[in-house]
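Asks: Let me give you the structure first, and then I'll get to my questions.
The values are calculated or read from the model by the stated rules, or taken from the named source; none is laboratory data. Keep in mind it's a predicted model, so treat the numbers as computed, not measured. Please note: Cβ atoms are built from the backbone with ideal geometry, for glycine as well, and neighbour counts cover all protein chains shown. With ligands, DNA and RNA removed, areas are computed over all heavy atoms of the protein, side chains included. Shrake-Rupley method; radii C 1.70, N 1.55, O 1.52, S 1.80 Å.
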Protein chains: 2
Amino acid sequence: MALVVQKYGGSSVADASCIKRVAQRIVATKKAGNDVVVIVSAMGDTTDELLDLAQQVSPLPPGRELDMLLTSGERISMALLAMAIANLGQEARSFTGSQAGVITDSSHGRARIIDVTPGRIRGALDSGQVAIVAGFQGVSQDTKDITTLGRGGSDTTAVALAAALNADVCEIYTDVDGVFTADPRIVPTARKIPKISYDEMMEMAACGAKILHLRCVEYARRFGLPIHVRSSFSTKEGTWVVSDPDSEGTEMEQPIISGVAHDRSEAKITVVGVPDKVGEAATIFKTLADAEVNIDMIVQNVSAATTGRTDISFTLPTSDASVALTALKKIQERIGFESLLFDDQIGKVSLIGAGMRSHPGVTATFFAALADAGVNIEMISTSEIRISVIVGQDEVDTAVSAAHRAFDLDADQVEAVIYGGTGR
Amino acid sequence: MALVVQKYGGSSVADASCIKRVAQRIVATKKAGNDVVVIVSAMGDTTDELLDLAQQVSPLPPGRELDMLLTSGERISMALLAMAIANLGQEARSFTGSQAGVITDSSHGRARIIDVTPGRIRGALDSGQVAIVAGFQGVSQDTKDITTLGRGGSDTTAVALAAALNADVCEIYTDVDGVFTADPRIVPTARKIPKISYDEMMEMAACGAKILHLRCVEYARRFGLPIHVRSSFSTKEGTWVVSDPDSEGTEMEQPIISGVAHDRSEAKITVVGVPDKVGEAATIFKTLADAEVNIDMIVQNVSAATTGRTDISFTLPTSDASVALTALKKIQERIGFESLLFDDQIGKVSLIGAGMRSHPGVTATFFAALADAGVNIEMISTSEIRISVIVGQDEVDTAVSAAHRAFDLDADQVEAVIYGGTGR
């Protein structure tokens, strides 16, 4: 008998008939002899509708109240799911994040999990019940206020509870069949990846693959918890995220590249004419850190000997751009830089693969493929298992397809079916 | 400085603009120097929509999960209201029933309040904040599960919290200007009652006046808490419900009759041919009590000497009728009664007034008015301050108008404005 944690996103519980189908899958898992804990997101567009209501009463709603509002979404879906399961003759109990023991800090809207004390969940399992838990939410340790975990929150709830319960697997149900070698909407011949390492999956997530959030994979890696990403619309095996995909020796030789990720949500800022003195770059990035701006890639040009000045470019989420520009303008006089350039028409394309460690020619093949496709590279950044480039936003599709082809990732036929919708 | 508890029903917070108007009223009360605690119902039709969703996934949803589902309704309205207040520059905090310390028994869907421990509410008031509390809900003492209080639940929450906080007044906001001498939809010249006693208000509520629920008035009487029923659409004084309306001597001579209530939600069952032996009636009503059927009026005919048999008629909520009939069929053989008659085409019309204690002619005047209007009386029941009659359902309007006129309750002109919608 295994302990299985299942997470269903918003598109999997979008309406009553979806909820009833999910209930059948849960009951089947329970009847197969497993203990089952289910983490559920809000139904379909509920969160957007609630945010819209909030905007109607207040342009800048307090974080505490926004969290109180948004957590009603999971409350609805989890109660309905518990009812649908009970209607199939299987006892089920729904629990809020607070009742499930998801203890967080007090950062409303982006709380971090401090501790998980799932006493009531264990009690439900011991009584033979299926436990349904609200994703995305917790309760703050200090103020006992309701908090939300921010983006990818339900996946993180699932992994955190699975770890605390010492579950055998955490199944993340979504509307595609697993993790693909590229976005099938761009590359129709993209293949499903059967197994991938935590490290590669984290790089994929950080580089724009939206299927799993970085936090959730980090959490799973820390506890060595296997994640199984699969479709709630089929019973096919999906993608397993594990520590060492090759350990069982069932795989053929590992491919050099596991997948190609892309991200259109970043922008580029260039600080032009920074005096080439010790500490100027540090001041710039300290200022940005104080403004809570997340920086991704950084490039500093070689200083021109004649002027003693240099340019510093960096990328950041487009949503952080106005805060960053404002913060930088305030220190322009003190630093003495000449001007700021802003470009939000960029995209990031990344190759990810643990195999590239032992294949020195990857960068050359990647750049040649982009050059052949006529794509201009604006910035480059690398890690041990990743190469990312910034290109023009309208060249992202071309770049992804070219890279995918150059590393022989194409399947013989179209594999992916996309069912539409997104969870949280 | 007073401590004011305000309760707003679903029609008062039906959409964003309603919520913003309510927020302004709350802030005005706070700025006038009062501490303010607000109890709020779910927005407009939210509860019905949630019930509809529940029906779609399960014909008979478990009570625990139905309560979990329904309580999301107040969570939405209270968070939005807190945001709208904050947007006016006044700090506000929303609290679930559980957070507000509303402790109940474990009867899901109709929980009773056992205790109120409003520590967090006091804390919010001490910090100068407005406290917004979800009506209709609590947390069970034994299982720590979320419960709902059933019909009239938000009013009961308001009165219970007001009593626990030793508030100066509990204001119940609704979509009419107060308690009227009759339903203005039937009697357009009905008058607003400025003050009414707890006892009379309880009789009104028990006899079908929907403006306040019986439980809430009972609770207020026990703690001597003044209730002010008023419209959220105007600033006019409404109806004060207090222990002794005449104590201040500001009123003219008390009217004999305070108001005329009616109720179309009852049905009548007649047990025909009951053997006239000691204990048979007791067995019948013990059976009904065990089936949790609420009985209202009971009439037993004089036994016919020739047959040694009698008929017993009683009224009950129509919704309890099928349970009652089934329970009675089961004991037909044991009791030996002949048959059961069922009639749901009845209505109850009640005169309520503490003044009738000292005016012996009330019954005669009432019956004469009904006779003059051609209304036939089927059953009669009286208390010290109430006379109720059962009439044909299609004669209710005629009976109410005739009684209202007979006791000089008509105003010189139409006073009532009904704004539409109902709360919970």
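Asks: Do you know which residues across the range B:1-25 are surrounded by fewer than 23 Cβ atoms within 10 Å (Cβ to Cβ) and part of a strand (DSSP E or B)?
Replies: Correct list: B:Leu3, B:Val4.
Asks: Among the residues of the range A:184-201, are any part of a loop (DSSP other than H, G, I, E, B), under 17 Å from the mean Cα position of the chain (by Cα) and among the hydroxyl-bearing types (Ser, Thr, Tyr)?
Replies: no
For (1) under 22 Å from A:Glu203 (Cβ atoms); (2) of a type in the set (D, E, K, R); (3) not assigned by TED's automatic domain parsing to the domain that holds A:Lys277, each residue gets a yes or a no:
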site: A:Thr306; (1), (2), (3): no, no, yes
site: A:Ala321; (1), (2), (3): no, no, no
site: A:Leu328; (1), (2), (3): no, no, no
site: A:Gly336; (1), (2), (3): no, no, no
site: A:Leu351; (1), (2), (3): yes, no, yes
site: A:Thr363; (1), (2), (3): yes, no, yes
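Asks: Assess whether B:Glu65 counts as being among the acidic types (Asp, Glu), out of contact with any His (no Cβ under 6 Å at 6 or more places or on another chain) and open to solvent by 30 Å² or more (accessible area, probe 1.4 Å).
Replies: no
Asks: Still on this structure: In the range B:367-414, which residues are charged (D, E, K, R), open to solvent by 60 Å² or more (accessible area, probe 1.4 Å) and closer than 21 Å to B:Thr315 by Cα?
Replies: B:Glu378, B:Glu384, B:Asp394, B:Asp397
Here's the yes/no breakdown for (1) touching a residue at least 12 places away in the same chain (Cβ under 8 Å); (2) in the same structural domain as B:Ala162 (by TED's automatic domain parsing); (3) crowded, with 22+ Cβ neighbours inside 10 Å:
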| position | (1), (2), (3) |
| --- | --- |
| B:Val40 | yes, yes, yes |
| B:Leu53 | yes, yes, no |
| B:Leu60 | no, yes, no |
| B:Leu69 | yes, yes, yes |
| B:Ala84 | yes, yes, yes |
| B:Asn87 | yes, yes, no |
| B:Ser98 | yes, yes, yes |
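Asks: Quick one: how many residues across the range A:147-166 are buried (at least 21 other Cβ atoms within 10 Å of the Cβ) and among the aliphatic types (A, V, I, L, M)?
Replies: So the count comes out to 6.
Asks: Being modelled with pLDDT under 95 and aliphatic (A, V, I, L, M), is that true of even one residue in the range A:359-366?
Replies: Yes: the range A:359-366 contains one or more residues that are modelled with pLDDT under 95 and aliphatic (A, V, I, L, M).
Asks: If you go through the range A:65-79, how many residues are more than 7 Å from every other protein chain (Cβ to nearest Cβ) and charged (D, E, K, R)?
Replies: 2
Asks: What strands (runs of 3 or more DSSP E), lying completely within the range B:219-338, carry at least 1 residues that are among the charged types (D, E, K, R) and open to solvent by 10 Å² or more (accessible area, probe 1.4 Å)? Please lay out each step first, then the result.
Replies: Numbers: elements: B:227-231, B:239-242, B:259-263, B:266-275, B:298-300, B:309-317.
Passing ranges, in order: B:227-231, B:259-263, B:266-275, B:309-317.
Asks: Looking at A:Thr29 and the list (1) within 14 Å of another protein chain (Cβ to nearest Cβ); (2) in a helix (DSSP H, G or I), which single condition is not satisfied?
Replies: (1) is the only condition that A:Thr29 fails.
Asks: What about A:Ala14, is it more than 19 Å from A:Gln129 (Cα to Cα) and assigned by TED's automatic domain parsing to the domain that holds A:Ala160?
Replies: Yes: the conditions hold for A:Ala14.
Asks: Within the group A:Val396, A:Val389, which residue is within 22 Å of A:Ala321 (Cα to Cα), among the hydrophobic types (A, V, I, L, M, F, W, C), touching a Phe, Trp or Tyr at 6+ places or on another chain (Cβ under 9 Å) and not assigned by TED's automatic domain parsing to the domain that holds A:Ser319?
Replies: Unique residue meeting the criteria: A:Val389.
Asks: I'm trying to understand the selection: among the residues of the range B:345-364, which are touching a strand residue (DSSP E or B) at 6+ places or on another chain (Cβ under 9 Å) and surrounded by fewer than 16 Cβ atoms within 10 Å (Cβ to Cβ)? Don't jump to the end; show me each part of the working.
Replies: Going through the range B:345-364, the residues touching a strand residue (DSSP E or B) at 6+ places or on another chain (Cβ under 9 Å) turn out to be B:345-354, B:356, B:362-363.
Result: B:Gln345, B:Thr363.
Asks: Open to solvent by less than 10 Å² (accessible area, probe 1.4 Å), more than 9 Å from every other protein chain (Cβ to nearest Cβ) and not in a helix (DSSP H, G or I): does that describe A:Ala124?
Replies: Working: open to solvent by less than 10 Å² (accessible area, probe 1.4 Å): yes; more than 9 Å from every other protein chain (Cβ to nearest Cβ): yes; not in a helix (DSSP H, G or I): no.
Spelling it out, it is not the case that A:Ala124 is open to solvent by less than 10 Å² (accessible area, probe 1.4 Å), more than 9 Å from every other protein chain (Cβ to nearest Cβ) and not in a helix (DSSP H, G or I).
Asks: A follow-up question, please. Can you tell me which of (1) open to solvent by 30 Å² or more (accessible area, probe 1.4 Å); (2) under 17 Å from A:Leu351 (Cα atoms); (3) touching a residue at least 24 places away in the same chain (Cβ under 8 Å) is the one A:Pro188 doesn't meet?
Replies: Exception for A:Pro188: condition (2).
Asks: Of the numbered conditions (1) within 12 Å of chain A (Cβ to nearest Cβ); (2) under 20 Å from the mean Cα position of the chain (by Cα), B:Asp145 satisfies every one except a single condition; which is it?
Replies: Just one mismatch for B:Asp145, condition (2).
Matching residues to (1) hydroxyl-bearing (Ser, Thr, Tyr); (2) within 25 Å of B:Ala167 (Cα to Cα); (3) more than 14 Å from chain A (Cβ to nearest Cβ):
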| site | (1), (2), (3) |
| --- | --- |
| B:Met1 | no, yes, yes |
| B:Gly33 | no, yes, yes |
| B:Gly44 | no, no, no |
| B:Leu53 | no, no, no |
| B:Leu81 | no, yes, no |
| B:Ser98 | yes, yes, no |
| B:Ser106 | yes, no, no |
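Asks: Looking at B:Val36, B:Val22, B:Val57, B:Val27, which is the one that is under 18 Å from A:Ser72 (Cβ atoms) and out of contact with any His (no Cβ under 9 Å at 6 or more places or on another chain)?
Replies: B:Val57
Asks: Right, something else. Which residue pairs have Cβ atoms under 6 Å apart, sit 6 or more places apart or on different chains, and have a first residue in the range B:333-353 that is on the phi < 0 side of the Ramachandran plot and a second that is among the polar types (S, T, N, Q) and assigned to a strand (DSSP E or B)?
Replies: That search, which allows pairs on different chains as well, returns B:Leu341/B:Thr270; B:Lys348/B:Ser388; B:Ser350/B:Ser388.
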